[in-house]
1. Give the residues of region 115-162 that are part of a strand (DSSP E or B) and either under 17 Å from Asp227 (Cβ atoms) or aromatic (Phe, Trp, Tyr) (or both), sorted by residue number.
2. Out of the residues in region 296-337 that are among the charged types (D, E, K, R) and in contact with a helix residue (DSSP H, G or I) (Cβ under 7 Å, 6 or more places away or on another chain), state the one that is farthest from Thr230 (Cα to Cα).
3. Counting just the residues of region 80-96 that are under 14 Å from Asp132 (Cβ atoms) and in contact with a helix residue (DSSP H, G or I) (Cβ under 8 Å, 6 or more places away or on another chain), which one comes out surrounded by the fewest Cβ atoms within 10 Å (Cβ to Cβ)?
4. How many residues are in contact with a strand residue (DSSP E or B) (Cβ under 7 Å, 6 or more places away or on another chain), within 21 Å of Lys304 (Cα to Cα) and at pLDDT below 90 if we restrict to region 56-100?
5. Could you grab the pairs with beta carbons closer than 9 Å, sequence gap of 6+ or different chains, first residue in region 185-209 and at negative phi and among the polar types (S, T, N, Q), second one surrounded by fewer than 24 Cβ atoms within 10 Å (Cβ to Cβ) and outside any helix (DSSP H, G or I)?
6. Which of the residues that make up region 146-173 are within 19 Å of Thr233 (Cα to Cα) and among the basic types (Lys, Arg)?
7. Quickly run through region 297-314 and pick out the residues that are in a helix (DSSP H, G or I) and exposed (fewer than 14 other Cβ atoms within 10 Å of the Cβ).
8. Just checking, does region 100-114 include any residue being acidic (Asp, Glu), buried (at least 24 other Cβ atoms within 10 Å of the Cβ) and not in a helix (DSSP H, G or I)?
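The values are calculated or read from the model by the stated rules, or taken from the named source; none is laboratory data. Just so it is clear, the structure is predicted and the values come from calculations on it, not from any experiment. Positions of Cβ are backbone-derived with ideal geometry, glycine not excepted, and every protein chain shown enters the neighbour counts.
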Amino acid sequence: MKMWKKITSVAFAATLALGLAACSSDDGDSKGASSSSGGSDYPKNNITIVAPSGAGGGWDLTARAVAKVMNETKLVDKAISVENKPGGGGAVYMAEFATKEVKNDYMLMVKSPPILINNNKAEGNSPYGYKDTTPLAQLTRDYGAIVVKNDSEFKTLEDVLNAIKKDPTSITLAGGSAPGSMDHLVGVLPAHEAGIDPKSVKYVSYDGGGEAIAALLGNNADVIATDASTIATYVKSGDVRVLAVSSAERLEGELSDVPTFKESGIDAEFTIWRGIFGPKEMSDDAKEYWNEKIAKMVETDEWKAELEKNGWASEYRNGEEFTTYLEEQDKVIVELLTALGMQK
């Protein structure tokens, strides 16, 4: 049975125009606490949402969308800022987030399937995963996309696969995640299904989707694997052409004419979730606060406008539901990596 068939809600956040706009919370490493009267005084300080990547990718985009909506709607009465902390496809900040001696209720983090992948793959394995955090909510669903420059000789996904079959070293596939992580898996999935050894595909990793797109436009890559939502702007501008998307059905908007993997002869699906996390020892007050605020945020017109603007599908799960979902997806990731010979 093909490992990749019907893989739903598997892995794999704001825009370039917003830039880095990074700043820290005005709190050091303090935690929220209950007052003597039994009520909560959280939050006492401003909040920072960390995107563990550079600008322009899915994590950055998601972090900025959350901060923008929370600030504009005044759901949170403290200012929320976004900080970019790139490195190792998210693994560098993940280690910092998981090992901070004093946990900080005022530092949240946006993540997606690499929090599972990096913890399970053999190469570049990270000892830290979702169990070293407090999952607060899943927010969105996205899909993978196989992309070339608009003037590329490759017109279809089949063209790319045929070129790789002929000479794997002649084609450079790039992505915004480390080898064995999300973009890499999205990129080699079609090769795997087409009977190509995934390990023979020449993959170059960049720190975030924005850098991968820059590499493609700068002729440093022949094809990239990235998030469908982050590439729509470049499709509209005429800079790139999307060959296929990993959704079960065709997407709406700028990518409505793009065939799915299945329509391209690859019987597989690949879904990318994104969510928000707190530190492992997060206080009960802070957990309850964010579960309430995020549940309200996803119902606002402002959040729905962000979903539409960015081409995301809403897929909300609260903290408890998200934790259960992560447990399930962790098992699927192990299966995927094992199929590719990348499991630790």
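1. Across region 115-162, the qualifying residues are Gln138, Leu139, Thr140, Arg141, Asp142, Tyr143, Gly144, Ala145, Ile146, Val147, Val148.
2. Asp330
3. Ala91
4. Selection size over region 56-100: 1.
5. From residues that are at negative phi and among the polar types (S, T, N, Q), the pairs are Ser205/Pro179.
6. Residue satisfying the conditions is Lys149 alone.
7. Result: Asp301, Lys304, Ala305, Glu308.
8. yes
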